[in-house]
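Everything on this sheet refers to the single structure shown next.
The values are calculated or read from the model by the stated rules, or taken from the named source; none is laboratory data. Please read all numbers here as calculations on a predicted model, not as lab measurements. FYI the Cβ positions are ideal-geometry reconstructions off the backbone, even for glycines, and counts take in every protein chain you see. In case anyone asks, the SASA skips ligands and DNA or RNA and just uses the protein heavy atoms, side chains included. Shrake-Rupley method; radii C 1.70, N 1.55, O 1.52, S 1.80 Å.
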Amino acid sequence: MSSAPAYRYDHAATRPAHHLESAPSVRVVPGRKHAVYPTLSDGAVLGIKAIIACVIVFLVIGFVRVGLSSAAYSIASQSSDLRAQISDARTTGESLAVQESLLSNPNNIRTEAGERLSMTAATNSSTMTLSADPVAIDSAGNLSFSESVSRLASEG
């Protein structure tokens, strides 16, 4: 084991000086990138940016036009479908009105009853006259047999 303390903050200061100087020296060499690839002028960069901005604007306008055209076609198609449904409903309503008038005509009813159901009109009729109701009800709302019998006896 070493006799050095476990935590020592001045450890770098106690190192020998020759250890610090042994790092390799670094030398900066200027490159030739600018000479091989010359940069564009500010006007050319501005022109390219303007062209790209115009292309983006034209694309956005095109997308908006396509979206609006698609929505207009969709609405026109739905409108056409609704017109067809309204026309069908009107035709069906007129047909039902004609059928209802035929079925409610008394002459057609007599004809249909005679042909399909073999029904005929009555040849003679008689009437029947009923006297007052002999059934009596007491004060509690129940039927009273004794009062009903007395009413029948009094009527004769």
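Quick notes on this one:
- Karplus-derived HN-Hα couplings along the range 55-64 (A = 6.51, B = -1.76, C = 1.60, θ = phi - 60°), whole Hz, x at Gly and Pro: 4, 5, 5, 5, 5, 4, 4, x, 5, 5
- Each residue of the range 69-156 gets 265 Å³ once the volume of the Cα convex hull is shared out per residue.
- Relative packing of 141-151, 48-58, 124-134, which averages over residues the other C-beta atoms within 10 Å, highest first: 141-151, 48-58, 124-134
- For residue 144, the residues whose amide H sits under 5 Å from its own are 136, 137, 138, ignoring neighbours fewer than 5 places away on the same chain, with H placed 1.01 Å from N.
- Under the Karplus curve 6.51 cos²θ - 1.76 cosθ + 1.60, θ = phi - 60°, whole-Hz ³J(HN,Hα) for the range 119-125, x wherever Gly or Pro sits: 9, 10, 6, 5, 7, 10, 9
- For residue 154, neighbours were defined as the other residues whose beta-carbon sits under 14 Å from its Cβ, and their charges (Lys and Arg +1, Asp and Glu -1) total -2.
- Within the accessible area of the range 63-156, the carbon and sulfur atoms contribute 58%, probe 1.4 Å, all protein chains present.
- Student exercise, the range 97-156 dipole from Lys, Arg, Asp, Glu Cβ charges, in Debye to nearest 20: 200
- Accessible area in square angstrom per residue, the range 45-142, 1.4 angstrom probe: 90
- Estimated D of the range 57-118 in µm² per second, where Rh is the Kirkwood radius over Cα pairs and Stokes-Einstein applies at 4 °C, 1.567 mPa s: 80
- Computed FRET value (nearest 0.05) for residue 45 with residue 66, which takes r as the C-beta separation and R₀ as 30 Å: 0.40
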